[in-house]
1. Please compute the modelled spin-label separation between residue 197 and residue 226, points set 7 Å along Cα→Cβ, answer in nm with one decimal.
2. Quick one: which residues, 5+ away or cross-chain, put their amide H under 5 Å from the amide H of residue 334? H built at 1.01 Å from N.
3. Please flag any cysteine in the chain that has no other cysteine's Cβ under 4.7 angstrom from its own Cβ.
4. Would you mind computing, in nm to one decimal, how far apart the modelled labels at residue 156 and residue 126 are, each placed 7 Å from Cα along Cα→Cβ?
5. Measure nothing but the geometry: give the 0 to 90° angle between the long axis through the Cα atoms of 127-140 and the longest principal axis through the Cα atoms of the chain, rounded to 10°.
6. Could you calculate, for the range 20-64, the ratio of the Cα radius of gyration to the Kirkwood radius, expressed as Rg to Rh?
7. Counting each DSSP H run of 4 or more residues in the chain as -39500 (n - 2.57), what helix-only mean residue ellipticity at 222 nm follows after dividing by all residues, to the nearest 500 deg cm²/dmol?
8. Pairs on different chains or at least eight residues apart, Cα atoms closer than 18 Å: how many lysine pairs in the range 255-375 fit?
Amino acid sequence: MPKITPFQCVRPVPELASRIAALPYDVYSRQEALNEIQKEPLSFLKIDRAETQFPDDVDTYDPKVYEKAKELLDSMIREGSFITEDTPCYYLYELIMEGRSQTGIVACSSVDDYQNQLIKKHENTREDKELDRIRHVDVTNAHTGPIFLVYRSVQAINEIIAHCKERPALYDFTSPDNITHRVWRICEPSLVSRLEELFDRIPCTYIADGHHRCASAVKVGLKRREACPGYTGKEEFNRFLSVLFPDDQLYIMPYNRVVQDLNGLTPEDFLAAVEKAGFSVEYKGKEAVSPHQKGCFGMYLSNGWYLLTSQKELLSSDPVKGLDVSLLQDHLLGPILNIQDPRTDKRIDFVGGIRGLAELERRVSSDMTVAFSMYATSIAELLSVADAGLLMPPKSTWFEPKLRSGLFIHKLS
């Protein structure tokens, strides 16, 4: 069973929490991050993206960038923007988006559980993206962005969460993107031990979002074990920061696709090829198409929308091949548009569902030729793929709302 434990948190003083809390580092370009920091100088982005503290000619991955991140974090702690708890605690973290609430438990997860696949993943990671966060964690000596984990809902845990949310919150604020954030602390020994006991009965947890950050945190832990051969397993570097949500509270948005060209085909030849590949094609004109069931796709081409519906022979009961992102990749993007590896092909880009269908139209009118709106992958599909020990195609899920960085920090020593 996975080990999910309380920890001695470093967290913002309440009056600064709303100003410090920041979206994850990887949702911004360098310029966008700089713009955010100029708007809010206390934003945790200045630590997560410390290259913003240097001129543009300083490389994002220059060693002094990570040293600057450490300097800024240590300075904010020293100057009183953050406090350190006296005792290990769990926390509840509620996010409310458009009236829909999800509440997770902030805790530490185990490096060994990741190694032993008790923390299951559904995506591959890229070494270059890992290296950045490995350096950031190692140099700052801290986990600053929690890993978004999922567990199958447990009624007894839900009851503890509901009980604890009846007390006043540590933090309660609404961020500029209209997401409400609330945090409660659980430090009573009886509740802490009860939660540990209940989590001990859970067979596994799943990475929902943050595969690269999770892999990086684990690799830093393993690196420190090598440097400390007498380690006991109780050192903080054996654990990493996570927020665990029950599966029945989560919401996945679609992750849409845009492609630069039609692989040498005219629009007419392309549409004919799509039909021949096993999709029915229905022209919808200016009416934007958001698919309402599995096996269907919206397509924007030549200033018009189409509804594509997969014929029965394309469908599959395989956990991966049956995903809509796989259907599109295996029967259209690959064979017709020659997008063989969507991880590396520069002709394809991915647009999170939060940006809406208008963003697909904008991209096609600027730098792309065709766009596809997707039906969202479900939580059940994600868990099935992970349980089967398989991996999803890249950019299969877009979770909203995003967890904020800077609200919870776990020091490695």
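1. My value for the distance between the label points is 4.1 nm.
2. Answer set, sorted by chain and number: 339.
3. Flagged as lacking a Cys partner: 9, 108, 164, 204, 214, 228, 296.
4. 4.3
5. Approximately 20 degrees, to the nearest 10.
6. 0.93
7. When only DSSP H runs of four or more count, the value is -9000 deg cm²/dmol.
8. Total qualifying Lys-Lys pairs in the range 255-375 comes to 4.
Every number in this text was worked out from the coordinates using simple rules, so none of it is lab data. Since we're looking at a predicted model, the values are computed, not measured. Cβ coordinates were reconstructed from backbone atoms using ideal geometry, including for glycine residues, and neighbour counts include every protein chain displayed.
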